[in-house]
Amino acid sequence: MYVRRMFGLSLLSLGLACGCSGPPRTTRMTLQDYTEISGEMAAKLGNSQFLAERTTSSPRMVIAIRKIENLSSDMIPAGAQWYMQTRVVESVPMTEWSRDKNIAFTIPADRLREARRYGEVNEAFATQRKPTHVMTAIIRSITRTADKDRTDLYYCEYQITDLASGGIVWADKVEFKRLAEGIAWD
């Protein structure tokens with residue numbers, strides 16, 4: 001996928017930087033966190049009442065995805081923000097839901113142009129350009145520091161909004177915390 005390849009090196013270096021043995025020395029999110037968040041959200045969306053009521057004869061739904069909004073204390077690269085969104089959509093069950101629930105996905109035109117510039121685009125995201133819904137996500141964090149230890153609580157909320165009514169038709173969240181040990185200045 002274009003997002004993974006285009007930003008893979010930055011994600012890989014982030015993952016490697018956090019892969020040391022011993023107690024964690026940072027609370028920064030890792031590639032594994034990004035993957036787990038998107039996997040959990042895909043499962044929650046798949047088990048939602050929102051999708052359970054849809055069938056192949058339901059009105060066509062085109063969901064535009066937007067880059068995750070990062071309100072956490074972490075510097076999350078834009079590639080990682082897109083990665084978490086597209087991983088939800090690209091999950092194997094989502095492909096089936098697209099067919100069985102009459103749902104399509106699209107990305108913003110500027111993002112599509114950027115992907116095409118790098119020669120990596122999933123045309124399934126590009127075929128529908130008139131969205132009926134939008135999927136957004138926000139990541140927040142709270143930090144607690146005590147002596148040498150630091151704990152960050154991360155909260156990531158996804159939602160799908162009906163563009164015609166402005167109502168939220170689905171929302172769910174993932175929460176997790178990371179603990180680091182060590183002197184902050186060493």
Going through region 140-166 one residue at a time, which ones are surrounded by 14 or more Cβ atoms within 10 Å (Cβ to Cβ) and at pLDDT 90 or above?
Arg140, Tyr155, Cys156, Glu157, Tyr158, Gln159, Ile160, Thr161, Asp162, Leu163
Take region 43-85 and flag every residue that is farther than 24 Å from Thr143 by Cα, of a type in the set (S, T, N, Q) and part of a helix (DSSP H, G or I).
Gln49, Gln85
Would you pick out the residues in region 129-159 that are within 21 Å of Lys67 (Cβ to Cβ) and not in a strand (DSSP E or B)?
Arg129, Lys130, Pro131, Thr132
State whether the residues of region 118-131 include one that is exposed (fewer than 13 other Cβ atoms within 10 Å of the Cβ) and at pLDDT 75 or above.
yes
Near pairs, Cβ below 9 angstrom, 6+ apart or cross-chain, from region 148-172 (aromatic (Phe, Trp, Tyr)) to any residue that is surrounded by fewer than 14 Cβ atoms within 10 Å (Cβ to Cβ) and in a strand (DSSP E or B):
Tyr154/Ile142; Tyr154/Glu175; Tyr154/Lys177; Tyr155/Ile142; Tyr155/Glu175
Restricting region 51-78 to residues that are more than 18 Å from Thr132 (Cα to Cα) and in contact with a Ser or Thr (Cβ under 6 Å, 6 or more places away or on another chain), the residue that is surrounded by the fewest Cβ atoms within 10 Å (Cβ to Cβ)
Ser73
Close pairs (6 angstrom Cβ cut-off, 6 or more residues apart or separate chains): over 14 Å from Asp100 (Cβ atoms) in region 37-52, among the charged types (D, E, K, R) anywhere:
Ser38/Arg87; Lys44/Asp172
Residue check, Arg99 against (1) in a helix (DSSP H, G or I); (2) modelled with pLDDT under 80, all met but one. Which one?
(2)
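The values are calculated or read from the model by the stated rules, or taken from the named source; none is laboratory data. Model, not experiment: these values are computed from the prediction. With ideal geometry, Cβ positions are generated from the backbone for all residues, glycine too; neighbour counts draw on all protein chains shown.
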